[in-house]
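Some notes on the structure that comes next.
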Amino acid sequence: MADRPIDLFLATLPNVKDVGHNKWSFSCPTPAHKRGDKSPSAFMKVTDYDKPPLLYCSMGCGYHDIIGAMGYSYTDIMPSKADRKPTKQRGISPVDALRMMTDAMYVMLICAEQMKTGELSESHRLELYAAIRSAHHVAKLSGVKL
């Protein structure tokens with residue numbers, strides 16, 4: 001089986017540690033860490049291999065900053081159309097829904113704090129929109145009518 005684009009991206013990250021089911025910590029590769037990120041401060045979570053991973057850096061580095069520092073673009077880490085599973089509308093377990101909503105809400109909270117201080121970067125704004133779409137999608141899969 002060929003490696004998925006996300007697996008290839010994961011293999012290039014520095015100091016990767018498996019920290020749970022489809023979760024990893026790694027040293028953030030962006031220049032925001034002046035002396036290098038010696039102890040991993042960034043995290044990646046894959047909720048669905050047909051979608052891009054969730055990325056978070058405790059220093060506030062954005063999604064596009066992290067993948068760009070590794071020489072990747074958003075489309076590089078997305079699965080090719082041929083590799084994607086056919087999508088069909090299906091339900092979602094309450095536990096999975098809660099996990100996905102928690103991830104989306106975490107991103108929204110971080111962005112809300114940045115908005116209060118006027119420090120919301122373009123990459124974080126894009127992450128905010130993705131989190132809102134994710135929350136809407138989870139609600140729809142859970143049978144919640146919006």
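The values are calculated or read from the model by the stated rules, or taken from the named source; none is laboratory data. All values reported here derive from a predicted model rather than from experimental measurement. Cβ sites come from the backbone with ideal geometry, for glycine too, and all protein chains shown count toward neighbours.
Miscellaneous remarks
- Residue in the range 74-90 that is in a helix (DSSP H, G or I) and at pLDDT 80 or above present: no
- Answer residue from the range 1-19, given it is more than 17 Å from Asp48 (Cα to Cα) and at pLDDT below 80 and is farthest from the chain's Cα centre (by Cα) among those: Met1
- Any hit, the range 93-116, residues being surrounded by 15 or more Cβ atoms within 10 Å (Cβ to Cβ), at pLDDT 85 or above and farther than 23 Å from Val138 by Cα: yes
- Here the range 21-42 is the region considered, the condition is being hydrophobic (A, V, I, L, M, F, W, C) and closer than 16 Å to Ser123 by Cβ, and the residue that is surrounded by the most Cβ atoms within 10 Å (Cβ to Cβ) is Cys28.
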